[in-house]
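Heads up, the thing below is written out as structure tokens.
The values are calculated or read from the model by the stated rules, or taken from the named source; none is laboratory data. Quick caveat, the model's predicted, so the values are computed rather than measured. For neighbour counting, all protein chains shown are included, and Cβ atoms are generated from backbone atoms with ideal geometry for every residue, glycine included.
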Amino acid sequence: MMSIIQVFAMASSPGGNQPPAMGLGAFVPMLLVFAIFYFMLIRPQQRREKERRQMIANLKVGDKVLFGGGIIGVITNIKDNILTVKVADNVKIEITRWSVTHLLNKDEIPADTAGVSCEK
């Protein structure tokens, strides 16, 4: 005697108990998701990193830079991957070239700190 589930399963598939056909059509949705992921996330990140590497390679003495820790200073000396940066009068620090996040104009204030004052 057949159960109701077996009857419905045989009725829904014309060939009886054949497994559904798995072909290239099953991979198309996965390929579409990967393509969207690539063009929306991976490619823009690669472009930003390429621009950052180019900016770091073109640093020169006198440039005003912002570092990852929030330090803003003017480059006074460059030795290989070490920058000597003037952050205040008579205060110079050495920091790695790769910690530079932005190259600023001479009178530019970073956007996220514009208008914020630490003075009381």
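Filtered by the rule that a residue be charged (D, E, K, R), modelled with pLDDT of 90 or more and farther than 23 Å from E49 by Cα, the range 90-111 gives K92, E94. With a requirement of 1 or more residues that are touching a Pro at 6+ places or on another chain (Cβ under 9 Å) and within 30 Å of K106 (Cα to Cα), the strands (runs of 3 or more DSSP E) lying completely within the range 20-91 that satisfy it span 64-67, 72-79.
V87: over 24 Å from the mean Cα position of the chain (by Cα) and at pLDDT 90 or above, yes or no? Yes, satisfied.
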